[in-house]
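**Student:** One structure follows; several queries about it will come next.
The values are calculated or read from the model by the stated rules, or taken from the named source; none is laboratory data. Owing to the predicted nature of the structure, the values given are computational and were not obtained by experimental measurement. Every residue, glycine among them, receives a Cβ derived from its backbone with ideal geometry; neighbour counts consider all protein chains shown.
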Amino acid sequence: MDEGTLQLIGIIIIGLGGAGLIGGLIWVGVRNNNDQDPLQARLSQFGDRELPGTLEELELSLSFRERVMLPVFQSMAALVTRFTPESQIEETRHQLELAGKAQTTDPRTFFGTRILLTVILGVAGFVLFFIVTKQQPLHAIGLTALMAFLGYYLPSSQLKSQIRRRQNGIIRALPDALDLLTICVEAGLGFDQAMGKVYEKWDNDLAVAFGRVIQEIALGKMRREALRDMARSMDVPDVTSFTAAIIQADQLGVSMAKILRIQSDQMRLKRRQRAQEKAHQAPVKMMIPLVFLIFPSIWIILLGPSLIIIMTNPALRAL
């Protein structure tokens, strides 16, 4: 084999190995979404047996991911985050809370995933561009830095996308939730019971947040503190204004039904205004596909036959 073929084979092997390693780390770090101990889950499966197996047998019954990959990754993440400022960990925790993953994803594990992906992609880029392909030094340094940046940025970008998706879902569900709250309160239910009805009827992020508020109140937390924590965990201006109005009405003794009716009308008006805003933005957004995709196709269809005739006819081409 010549040198070019060997370099191509080396690039393919390194690419496949790096992709497999990165995929395994992402699967271990990000897909570990259950809070239940896997060993306890296995013990519960053996609960019906008269003579349960030994602890060693139960540990060996776990999957390779749970026995080897997960502990190794968690140890590496703990080592990496040991030198990370606590403010960065708190910011990551807040981002996970905004995405609705605070209960399922540890912030240190997520931040460790970012650091490890940065190191792995940086090393892979160094091997690929400095050793295998032997690029020019400036190009190799730039491409290696780009791969390391992608390893650090891509998990954060995915998390921000999940935050935007959750916030948009909450904004869309809030007017209907306020309508149901208003109906329940006007029918004679208390505000907490009305939130319980929303939690029972719906299955979305806003209903789950209402259910969490009810649980916190049942555990002894003050209603205004629970509502403030709910607004902080969403970071949606509409929810913040709604909770502020409820807290103020509770402190001043204003009729809760009247406040909910006003908030419901305002949220429906805002939803209508957002729909009108998107409708006005549609022509501007359509310009890019029209200019770069649709218009060239139309020109090719209309002018293509004429150009073919001109190119094949010497007399017309002379003109």
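**Student:** Using beta carbons and a limit of 6 Å, which pairs, at least six apart or on different chains, have the first residue in the range 80-107 and at pLDDT below 75 and the second one part of a helix (DSSP H, G or I)?
**Tutor:** Close Cβ pairs satisfying both conditions: V80/G112; V80/I115; T81/R108; T81/F111; T81/G112.
**Student:** Of all residues in the range 252-275, which are farther than 18 Å from P237 by Cα, surrounded by 10 or more Cβ atoms within 10 Å (Cβ to Cβ) and free of Cβ contacts under 8 Å to residues at least 24 places away in the same chain?
**Tutor:** If the condition is that a residue be farther than 18 Å from P237 by Cα, surrounded by 10 or more Cβ atoms within 10 Å (Cβ to Cβ) and free of Cβ contacts under 8 Å to residues at least 24 places away in the same chain, then V254, S255, K258 are the ones that fit.
**Student:** Hey, can you tell me all the residues within the range 192-247 that are surrounded by 20 or more Cβ atoms within 10 Å (Cβ to Cβ) and among the polar types (S, T, N, Q)?
**Tutor:** T243
**Student:** Let me ask another. What pairs can you find where one residue is in the range 278-290 and touching a residue at least 12 places away in the same chain (Cβ under 8 Å), the other is part of a helix (DSSP H, G or I), and their Cβ atoms are less than 8 Å apart, with a gap of 6+ or different chains?
**Tutor:** Once the first residue is touching a residue at least 12 places away in the same chain (Cβ under 8 Å) and sits in the range 278-290, no partner that is part of a helix (DSSP H, G or I) comes close enough.
**Student:** Now for a different question. Can we say A249 is without any contact (Cβ under 8 Å) to a residue 60 or more places away in the chain and assigned by TED's automatic domain parsing to the domain that holds C184?
**Tutor:** Values: without any contact (Cβ under 8 Å) to a residue 60 or more places away in the chain: yes; assigned by TED's automatic domain parsing to the domain that holds C184: yes.
Here the answer is yes, as A249 does meet what is asked.
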